[in-house]
Amino acid sequence: MDYLPVFLAVRNKPCVLVGGGEVAARKAGYLLSAGARVRVVAPEFSAKFDELAADPGLERIQRRFCAEDLRDCVLVIAATDDEALNREVSELAQRSNIPVNVVDNPALCSFIVPSTIDRSPVQIAISTGGASPVLARNLRAKLEAFLPAAYGRLGRFAESYREQVKRAFADSAQRRRFWEEVLEGEVGELLLAGQEQAARQKLEALLQSADPALCKRGEVYLVGAGPGDPDLLTFRALRLMQKADVIVYDRLVSKEVMELCRRDAERIYVGKERDNHAVPQEDINQLLVRLAREGQRVCRLKGGDPFIFGRGGEEIDTLAADGISFQVVPAVTAAAGVASYAGIPLTHRDYSQSVVFTTGHLKNGTTDINWNALVHPRQTVVFYMGLHGIDIICKELIAHGMATTTPVAMVQQGTTPNQRVITGTLENMPDKVRQARLKPPTLIIVGEVVTLQKKLHWFDPQAD
């Protein structure tokens, strides 16, 4: 992050605004709406300031700015056309450790004024760090359409019951769960529908019958994180990632996906690399059981789909045996997502009428793969985790009857900005992979559909 997002309490506190034009008037209105006492200094004032004249929090001082104007203020905004004056204001403020914003000049700012959505007491701030205010406004306009005005009523309603809920639930985690159930359930729906009295009756009934133990039940969410691009997450996956108290994640979950998890959730890495397992699978299974028994809501976040070479079946088998409640959230598996981003259709009427997913993770230099089942005409074969076994994979397919000229593609870190696609044949692919020095995770696609890649590729993160 380039800036720390914060909300400043300026009600009844002195703030200084330097400038008297229309932009300055907008900033004055912004500060006044937050309850600030606004001292505006400028040689001249636009007519826009006359519209604010009746506000008792506004003080206009008609002269040039001087350093003394910053005495005792808690925040400064410079909104003039005079670059030298803006720089002077910024330097004086920062020397005195007073937060300062210079309109349209991020280099002189110690804070950025965001684009805001106001559903008081609910507020949402959007900032591009000064890089593109227009983009921030566009994002705000999109979000405005999704947030009913009633969300403000929802916020005030929750505030009015804070103390009662505190008395009913001593533990902060229990309170959080109670509020999640309330706001996402019938009470929240009644409020959004304008039936506040009915919502109050419902909430008070819930408080009277509240059982703190029910708000401490653990559960595990087995969530597929997809192949890397966060846009490929399901809505349900995102909701549970935001709800979980603990995130147990593996190596294949991208940084961008991890950033969408709840900020204050505990994070436990259990990733596996070739010949280096941070946590053995059996220990992961027991970790999930232990956390759930402690009353935690655990998101077991797995790259791709949890039931396709993700060992998700083993994990929920343990959970079921120990009586732990769980949910499974499927995802776009690597074969589907990576092939699509590489421009390779896994099936095609003219080239392939079937597709097979198999593992390329070789043990002791070989596998118990049924090679004969893979060597069929008009079939696509997808190998997961096959980078280090590419020599043996190509050799075995040829040995079992597949033509040496069969097209092959190796895709590195598909759907992400690091995606690379190498194409070749069973005969030359091992050499091409070594020359390209690819990095895991990778996916191998074998079959005539690979010939379509040059024509159909559309996602090229390396393009200028």
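Values quoted throughout were computed directly from the atomic coordinates according to the rules given, and no laboratory measurement underlies them. Computed from a predicted model, the values in this text were never measured in an experiment. Note: ideal-geometry Cβ built from the backbone for every residue, glycine included; neighbour counts use all protein chains shown.
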Counting only residues 5 or more apart in sequence or on a different chain, those whose built amide H sits under 5 Å from that of Lys13 are Arg37
Check: C-alpha center region 132-187 vs C-alpha center region 407-464, spacing in Å is 46 Å
Distance in Å, no decimals, from the C-alpha centre of region 71-107 to the one of region 20-49 is 15 Å
In debye to the nearest 20, the charge dipole size for region 251-317, taken about the Cα centre with +1 at each Lys and Arg Cβ and -1 at each Asp and Glu Cβ, equals 200 debye
Ranking Thr442, Cys394, Val10 by how far each Cα lies towards the positive end of the charge dipole of the chain (+1 on Lys and Arg Cβ, -1 on Asp and Glu Cβ), the top one is Val10
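Summing -39500 (n - 2.57) over the DSSP H runs of n ≥ 4 in the chain and dividing by its residue number, what mean residue ellipticity at 222 nm do you reach, to the nearest 500 deg cm²/dmol?
-10000 deg cm²/dmol
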Between Thr425 and residues 5 or more places away or on another chain, the pairs with built amide H atoms under 5 Å apart involve Val408
Checking rank on 169-181, 284-296, with mean other Cβ inside 10 Å and highest first, the result is 284-296, 169-181
With the charge dipole of region 173-328 built from beta-carbon charges (+1 for Lys and Arg, -1 for Asp and Glu) about the Cα centre, the Cα from Phe326, Pro212, Leu252 projecting farthest to the positive end belongs to Pro212
For Thr234, Thr416, ascending order of other Cβ atoms within 10 Å (fewest first) is Thr234, Thr416
Counting only DSSP loop positions in region 1-30, the chymotrypsin sites (Phe, Trp or Tyr not before Pro) whose Cβ has at most 11 other Cβ atoms within 10 Å are Phe7
In whole angstrom, largest first, the equivalent ellipsoid semi-axes that the Cα gyration tensor gives for region 219-332 are 19, 16, 13
Here the percent of antiparallel bridges among DSSP beta bridges lying wholly in the chain, to the nearest 5, is 40 percent
Between Gln201 and Glu51, Cβ-based FRET efficiency (R0 56 Å, step 0.05) works out to 0.80
The residues Lys202, Lys166, Lys27, sorted from fewest to most surrounding Cβ atoms within 10 Å, come out as Lys166, Lys202, Lys27
Here the relative contact order (percent) of region 219-332, from C-alpha pairs under 8 Å and at least 6 apart, is 43 percent
Answer in debye to the nearest 20: the dipole magnitude of region 219-332 about its Cα centre, from +1 Lys/Arg and -1 Asp/Glu charges placed on Cβ, is 260 debye
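Would you work out the charge dipole size for the chain about its Cα centre, treating the Cβ of every Lys and Arg as +1 and the Cβ of every Asp and Glu as -1, and quote it to the nearest 20 debye?
Details: 56 positive and 57 negative charges, 63 e Å.
It works out to roughly 300 debye.
Just for region 1-160, what percent of DSSP beta bridges are antiparallel, to the closest 5?
Looking only at bridges with both residues in region 1-160, the antiparallel portion is about 25 percent.
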